[in-house]
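The values are calculated or read from the model by the stated rules, or taken from the named source; none is laboratory data. From a predicted model like this one, the values you see are computed outputs, not experimental measurements. A quick note on method: Cβ atoms are made from the backbone with ideal geometry, for glycine too, and the neighbour counts reach across all protein chains shown. For the accessible areas, the whole protein counts, side chains as well, though only heavy atoms, and no ligand, DNA or RNA atoms are used. Shrake-Rupley method; radii C 1.70, N 1.55, O 1.52, S 1.80 Å.
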Amino acid sequence: MSRSTPARLVRPLEPIWQEVLDSVLRRRGAPPTTDVAKLTPRLVELSNAYNQGLAGDGARVKVPLEARIAFSFARDVPKGAGALRELVRAGVLKAPLDRTFRVVDIGAGLGAMTWGVVRALAHDAEASFRVEALLVDEDKDALAAAEAIACEATTRLALGASALTVRTRTERIMTGMKLPEADLVVLGQVFSELDVAMDPATRAAKHAALVSDLLDRVVAPDGALVVVEPALRERTRHLHAVRDLLVSKGTTIFAPCLHAQSCPVLETLSDWCHEDLAVDLPSWLAPLARAAGLRWQGLTFSHLVIRRDAQRLRDRIGDKNDATRVHLRVISDVIKTKGKAEIFACTSGGARVRMRRLDRDAVRVGDESVAFAASAAWGGLGRGDLVTVRGEGGDTNGVAQEAVVDERGRVSKQAYIDVWPFRN
Ligand SMILES: C[S@@+](CC[C@H](N)C(=O)[O-])C[C@H]1O[C@@H](n2cnc3c(N)ncnc32)[C@H](O)[C@@H]1O
């Protein structure tokens with residue numbers, strides 16, 4: 001795979017992908033993505049199956065594969081890249097130049113997560129690299145389509161025959177399944193389909209055990225495991241519960257969490273920590289989404305990233321967390337009301353807090369431009385941003401003595417707001 005120069009690491013699939021998918025659809029005797037009239041009912045069927053939790057084990061309703069090829073694949077590839085971007089941007093996940101990068105994609109379906117991985121790695125790669133992916137799924141038709149997509153994409157995108165090698169294995173997911181060592185194990189939107197009839201606590205324990213097992217036996221010593229789930233409340237809260245069980249047994253989370261406390265979001269029934277990126281569906285797919293009444297704007301998902309060697313994203317933004325320096329993950333959109341802009345955030349101390357910056361703090365006599373910049377940065381924050389609010393003077397010398405965030409969540413007008421670049 002040679003280095004590409006796209007503007008963004010997480011981006012919609014380019015128009016050439018429409019040719020790839022249409023070719024696969026045509027060879028199956030299915031309508032291409034341009035045949036909106038024929039595909040729309042299949043897409044509505046697919047959407048209903050997923051929304052009602054009918055897909056996967058527990059209910060065994062087969063969702064239309066044509067709709068998955070025509071729509072889900074292009075929607076899901078950027079989720080794979082998005083879930084990985086902090087690992088890549090922090091420089092702790094790179095495609096090696098002297099050997100093949102090994103992916104095990106569990107519940108792989110069409111291999112969308114694997115393609116997300118390839119695109120994320122390609123974005124930051126210094127030279128050509130190779131990826132070998134093992135796609136595991138109980139649905140052999142989906143895996144056959146995954147092979148067809150990989151074959152068509154490799155040819156049409158001119159990636160070179162060896163850039164991505166896909167192998168498939170039809171198998172039911174279970175703890176202890178025999179798998180080769182991998183630099184990256186991905187579980188993409190598959191927890192949602194596993195054990196859906198089980199009581200929530202038992203189910204969370206079972207999925208945490210599966211993750212632990214994969215970490216212990218399959219992930220390479222310097223490798224990582226990534227779970228992606230739809231950003232629906234119950235599915236994401238299930239992922240939070242799995243995360244809590246893993247943490248309680250000593251697993252270190254790389255991202256999104258900055259702490260090793262219980263997930264504070266679970267204490268508020270109406271809340272869940274997820275991503276909402278300004279990455280739309282590709283324009284060639286928007287007509288189909290519109291016709292089926294589905295969203296084409298934005299990219300939402302939840303995720304959990306773990307490194308086998310216990311590295312943390314937290315370590316990349318400094319270990320100091322005191323009154324003069326507060327690290328946080330933004331877990332809401334900015335709420336702008338009269339005179340202030342507020343966010344909910346999860347701090348590196350493990351608290352879910354509401355923070356606000358007053359509009360009038362934008363003007364500071366003597367140093368107007370700095371204060372204005374801080375205010376603009378605050379108002380421009382988005383869900384998922386990684387932020388340090390710090391006192392004037394920055395590091396050890398000259399750190400402001402007062403708290404940068406008071407006990408009522410008001411950000412000091414003296415505070416500097418650093419937004420970390422790992423998500424760009
Ligand atoms: C929603 S799709 C996700 C596909 C892909 N990972 C992605 O994120 O785009 C879930 C996949 O998990 C597979 N799956 C569900 N239950 C499974 C099980 N018990 N064993 C193996 N695969 C399973 C389904 O066949 C399906 O292909």
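How long are the three semi-axes of the equivalent ellipsoid for the stretch 77-165, computed from the Cα gyration tensor as the root of 5 times each eigenvalue, in whole Å, largest first?
Over the Cα atoms of the stretch 77-165, the ellipsoid semi-axes are 21, 15, 11 Å.
First compute the accessible area of the chain with a 1.4 Å probe, then give the percent of it belonging to carbon and sulfur atoms.
Carbon and sulfur together cover 51 percent of it.
Please compute the per residue accessible area over the stretch 16-315 with all protein chains in place, 1.4 Å probe, rounded to a whole number of Å².
39
For the pair residue 127/residue 140, report the inter-label distance in nm, with labels modelled 7 Å from Cα in the Cβ direction.
4.2
Specify which residue in the list 343, 252, 118 is farthest towards the positive end of the charge dipole of the chain, using unit charges on the beta carbon of Lys, Arg (+1) and Asp, Glu (-1), about the Cα centre.
Final value for the positive-end residue is 343.
Subtracting the Cα-Cα distance from 0.36 nm times the residue separation, let me have the gained length for residue 269 to residue 213 in nm, one decimal. If you can, show how the numbers build up before the last one.
Details: separation 56, 0.36 × 56 = 20.16 nm, distance 2.95 nm.
Going from the current span to full extension adds 17.2 nm.
Could you list, in their original order, any pairs among 320/340; 206/320; 320/413; 79/340; 79/249 whose Cα atoms are separated by more than 25 Å?
Over 25 Å Cα-Cα: 320/340; 206/320; 79/340; 79/249.
In the chain, which whole DSSP H runs stretch at least 20 Å along their own axis (Cα) and average -1.0 or higher on the Kyte-Doolittle scale?
Numbers: long enough: 36-51 (22 Å, 0.01); 73-89 (24 Å, -0.15); 140-156 (24 Å, 0.18); 200-217 (25 Å, -0.09); 233-248 (22 Å, -0.71).
What comes out of the filter, once short or polar helices are dropped, is 36-51, 73-89, 140-156, 200-217, 233-248.
For the chain, what does -39500 (n - 2.57) per DSSP helix run (n ≥ 4), summed and divided by total residues, give at 222 nm, in deg cm²/dmol to the nearest 500?
-9500 deg cm²/dmol
Over the Cα atoms of the chain, what radius of gyration and what Dmax do you get, in Å?
In order Rg, Dmax, the Cα atoms of the chain give 22.2, 70 Å.
Of all beta bridges DSSP finds with both residues in the chain, what is the antiparallel percent, to the nearest 5?
Details: 34 of 58 bridges.
If we restrict to bridges inside the chain, about 60 percent are antiparallel.
What is the distance, in nm, between label points placed 7 Å from the Cα along the Cα-to-Cβ direction at residue 336 and at residue 316?
2.9
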